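Below is one structure, written out as structure tokens; comments come after it.
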Amino acid sequence: MAEWLKRGASAEVRADLDRKVRDTVEATLADIQARGDAAVRDLSIKFDGWDRADYRLSAREIQDCMDQLTGQDLKDIEFAQTQVRNFAQIQRDSMHEVEVETLPGVVLGHKHIPVNAAGCYVPGGKYPLLASAHMSVITAKVAGVSRVITCAPPFEGKPAPAIVAAQAMAGADEIYALGGIQAIGAMAIGTESIAPIDMLVGPGNAFVAEAKRQLFGRVGIDLFAGPTETMVIADDSVDGEICATDLLGQAEHGPESPAILITTSRRLAEDTMREIERLLFILPTAGIAGKAWANYGEVVLCEDEAEMVRVADVYANEHVQVMTRDPDYFLKNMTNYGALFLGPRTNVAYGDKVIGTNHTLPTRKAARYTGGLWVGKFLKTCTYQRVLTDEATTLIGEYCSRLCALEGFAGHGEQANIRVRRYGGRNVPYAGAVEPSERTRIDA
């Protein structure tokens, strides 16, 4: 039976934080709805100290940002974007449109239709996370979205050059230097200067995630997201240093980012916890990673691989790093995860930055019902049908008529009956017909 050697904060503590965020976001979105650009500007000044007449960057400003990067910087961004674009295109090519004659004279099909406009949020207030530009903008463009806009907060009082370069190189049609709730609200609700979009994507802090949640339905979203999560599943084939590195490497995202070790080795568990304490003395981001580990870090000792799978599936974590003798066992048997990183030669940072898979992934157990961002998220799979012959519409119509009668839907039934009469020459009574005396009472 699994044994918890370390537990994180309780569900009650997390729920209290969620309530405070929810109330703030609700009031802020209402303000943007009411005051548009004026509200967005006030919020940008308040939270980012960033005041402009127009938050959209000009072509000159975009080029200035790109000029601040070295040639190697631009090559590195281009390499990462090539990997993301290649994999996104492979995914898109796997999605086939369908048209098939399911019965003689009955043709059914579906098409994949891109949304018309997408808004991509790129976090950058704490760190300039330029990789999120690759993951969202490129994926939308490969899907065929015609208008892709991006928002990223200013970094140290100005647009972050690396983020702006990544947005431009990825193919963004409009680039805005806006962050937080004001960026999400402006894109989804629209203002005098920003036309609204149809779909919001991209990671962000708790306020960004809650804004997307509250706006879902008004616009589409990629997924409901919370703080970054990482899980390491390991046995004694690896050591505590590599496990500790992989846990803290993701815990630095924020002080509420869960980092979980699941192992069959008590010795590895204890070694990993010691290594974490050692690394926290030398890691430059230890101030954040240390809080995350103290409050949300967990260590679970399991009896065997099967129990590790069961425990991991209950957590349904975003990132799952598997470092065991047989990592394919987890690929075969796990069902709830955002992305798997199999074997010690790969790691979550590869997926976050460069390897080609998308890093916008489900958190807070959403992996039970969804995967991460991919080209399919930007596509609407829409069906259509044709009935080509009199015989086909008569056949389908007779079944439809009887099924509608079972449900009491007379109008639906008549849609079928009129076609049976016209195309099949059948003498079918009007659906739900009543005697003249009854009709008189209804008309009265």
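Using 0.36 nm times the number of residues separating residue 306 and residue 35, minus their current alpha carbon distance, what extension gain do you get?
Numbers: separation 271, 0.36 × 271 = 97.56 nm, distance 5.52 nm.
Here the segment from residue 306 to residue 35 would lengthen by 92.0 nm.
With every protein chain left in place, what is the accessible area per residue of the chain in square angstrom, probe 1.4 Å? On a per-residue basis, 49 Å². Give the percent of DSSP beta bridges with both residues in the chain that are antiparallel, rounded to the nearest 5. In the chain, approximately 35 percent of DSSP beta bridges are antiparallel ones.
Under 8 Å for C-alpha pairs, at least 6 residues apart: give me the relative contact order for the chain, rounded to a whole percent.
Details: 869 pairs, mean separation 80.6, N = 444.
Computed over the chain, the figure is 18 percent.
Each part gets one Cα centre, and for region 290-325 versus region 191-252 those centres are 18 Å apart.
Inter-label distance, residue 388 to residue 73: 5.9 nm, where each label sits 7 Å from its Cα along the C-beta direction.
Helix 266-279 and the longest principal axis of the Cα set of the chain meet at an angle near 70°.
Taking all protein chains as they are arranged and a probe of 1.4 Å, the heavy atoms of residue 389 leave approximately 50 Å² accessible to solvent. Computed with every protein chain present, the accessible area of residue 181 is close to 10 Å² [probe 1.4 Å].
Quick one: ranking 237, 136 by accessible area, 1.4 Å probe, largest first, what do you get?
Details: 237 60, 136 0 Å².
The ordering from most to least exposed comes out as 237, 136.
Report relative contact order for region 69-199 in percent, whole number only (criteria: Cα-Cα under 8 Å, sequence separation at least 6).
Values: 203 pairs, mean separation 31.6, N = 131.
For region 69-199, the relative contact order is 24 percent.
Straight-line reach from residue 353: taking Cα to Cα under 22 Å and skipping same-chain neighbours fewer than 8 places apart, the lysines in range are 75, 126, 141, 377. Between the Cα long axis of helix 71-93 and the first principal axis of the chain there is an angle of about 30°, rounded to the nearest 10. Taking GluC sites (Glu not before Pro) across region 191-237, the ones in a DSSP loop with at most 13 further Cβ atoms lying within 10 angstrom of their Cβ are 192. Heavy-atom accessible area with a 1.4 Å probe sorts 110, 96, 319, largest first, into 96, 110, 319. The long axis of helix 180-189 is offset from the longest Cα principal axis of the chain by roughly 20 degrees.
Taking 127, 296 and ordering them by how much accessible surface each has at a 1.4 Å probe, largest first, produces 127, 296. Computed in the context of the full set of protein chains, the accessible area of the chain at 1.4 Å probe radius has 54% of its extent on carbon or sulfur.
The values are calculated or read from the model by the stated rules, or taken from the named source; none is laboratory data. Keep in mind that this is a model prediction, so the values were computed, not measured. Using ideal geometry, Cβ is built from the backbone for each residue, glycine included, and neighbour counts are taken over all protein chains shown. Please note that ligands, DNA and RNA were not included when accessible areas were found on the heavy atoms of the full protein model with its side chains. Shrake-Rupley method; radii C 1.70, N 1.55, O 1.52, S 1.80 Å.
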